[in-house]
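Worksheet: one structure, shown below.
The values are calculated or read from the model by the stated rules, or taken from the named source; none is laboratory data. Everything numeric here is computed off the predicted structure, so don't read it as measured data. No Cβ is skipped: glycine too gets one built from the backbone with ideal geometry, and neighbour counts run over all protein chains shown.
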Amino acid sequence: MFPLRDDNPTRHRPYVTVGLIGVCVLAFLWQNAQPHYEEIVWYFGLIPAQLLGTGPFIPGAANPLVTVFTSMFLHGGWMHLGGNMLFLWIFGNNIEDSSGHLKFLVFYLLCGVGAALAQVASAPMSEIPMIGASGAVSGVLGAYLLLFPRARVSTLVFLGIFVTIIRLRAWVLLGVWFGGQALQAALTPPGSPGVAFVAHVGGFVAGMVLIGAFKRRGVPWFADGGPRSEEARKRPIDIRFRRSRKGSDSPWRPGPWG
């Protein structure tokens, strides 16, 4: 299953989401413009053994603590970059809308840190560099699952030789995705090269844990996420959430974030 878009409109422009995508794209272009592409990965990727001080230090490499963040903006190929950025765009704009620009940026980076620490804990002696925004993006998915589980997501589904697009509830799509990542993490030997499934799981859990502290006051849990008809889409606020509580001083008015 491959998500294409969600039926979940936003109230504010997702400046941070677009900015993160732009930085990742520029970083990838810079990577590929270097004469020694692989050295960039070793210099700025997160290497668990170096972070913990148990492995040899690579001359010219960034400080291991800095690589926790620089690794989030590097990618191993166009498919790696494209997949992460698509997920970030579909689900990130909604979480940014629900938390605010600056708080979303902090939330995103903390999810990336949580993902990195999970991967390091699973393979502390590994000398293989980890790169990619997948861990931070996984945190966005975890937050989306709690805030908009019933939002509908247009999803490309492969059924053998047949390909079709169906609209799934977010909890179905994200539940299947997380289950697959958790299964792969359990089956993959720690420290193996390839996809860092443990980082995906760690980032997802971090997002679920952190979103409560970062979402705006008044943003509900487990919302539908979007209008169910074209007529409803034209209304700025769903009628079910039009009235705020008496005496509330909150400027936020719950509605169809997305």
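Overview of results
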| item | result |
| --- | --- |
| Contacts under 8 angstrom Cβ, first residue in region 157-175 being exposed (fewer than 10 other Cβ atoms within 10 Å of the Cβ), partner in a strand (DSSP E or B), 6 or more apart | THR164/LEU156; THR164/VAL157 |
| Residue within region 183-200 that is in contact with a Leu (Cβ under 6 Å, 6 or more places away or on another chain) and surrounded by 19 or more Cβ atoms within 10 Å (Cβ to Cβ) present | no |
| Residues (part of a helix (DSSP H, G or I) and surrounded by fewer than 21 Cβ atoms within 10 Å (Cβ to Cβ)) located in region 91-110 | HIS101, LEU102, LYS103, LEU105, VAL106, LEU109, LEU110 |
| In region 195-217, the residues that are of a type in the set (A, V, I, L, M) and within 15 Å of the chain's Cα centre (by Cα) | ALA196, VAL198, ALA199, VAL201, VAL205, ALA206, MET208, VAL209, LEU210, ILE211 |
| Test: residue in region 226-239 that is buried (at least 20 other Cβ atoms within 10 Å of the Cβ), within 24 Å of the chain's Cα centre (by Cα) and modelled with pLDDT under 95 | yes |
| Residues of region 191-224 classified as in contact with a Ser or Thr (Cβ under 9 Å, 6 or more places away or on another chain) and on the phi > 0 side of the Ramachandran plot, total | 3 |
| Qualifying positions in region 57-69 - of a type outside the set (A, V, I, L, M) and either under 16 Å from the mean Cα position of the chain (by Cα) or more than 20 Å from VAL23 (Cα to Cα) (or both) | PHE57, PRO59, GLY60, ASN63, PRO64, PHE69 |
| Set GLY179, GLY135: member being among the small types (Gly, Ala, Ser), within 28 Å of HIS101 (Cα to Cα) and either modelled with pLDDT of 95 or more or surrounded by fewer than 18 Cβ atoms within 10 Å (Cβ to Cβ) (or both) | GLY135 |
| Of the criteria (1) part of a helix (DSSP H, G or I); (2) within 29 Å of TRP42 (Cβ to Cβ), which one TRP171 fails | (2) |
| Residues (part of a helix (DSSP H, G or I) and either touching a strand residue (DSSP E or B) at 6+ places or on another chain (Cβ under 7 Å) or without any contact (Cβ under 8 Å) to a residue 60 or more places away in the chain (or both)) located in region 186-208 | ALA186, LEU187, PHE197, ALA199 |
| Matching option when the condition is surrounded by 19 or more Cβ atoms within 10 Å (Cβ to Cβ) and not β-branched (Val, Ile, Thr), among ALA115, ALA62 | ALA115 |
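Each row is one residue, and each column tells you yes or no for (1) without any contact (Cβ under 8 Å) to a residue 60 or more places away in the chain; (2) more than 16 Å from LEU81 (Cβ to Cβ); (3) in contact with an Asp or Glu (Cβ under 9 Å, 6 or more places away or on another chain); (4) among the acidic types (Asp, Glu).
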position: LEU4; (1), (2), (3), (4): no, yes, no, no
position: VAL23; (1), (2), (3), (4): yes, no, no, no
position: ALA27; (1), (2), (3), (4): yes, no, no, no
position: HIS36; (1), (2), (3), (4): yes, yes, no, no
position: ILE40; (1), (2), (3), (4): yes, no, no, no
position: ILE47; (1), (2), (3), (4): no, yes, yes, no
position: LEU51; (1), (2), (3), (4): no, yes, no, no
position: GLY55; (1), (2), (3), (4): no, yes, yes, no
position: LEU65; (1), (2), (3), (4): yes, yes, no, no
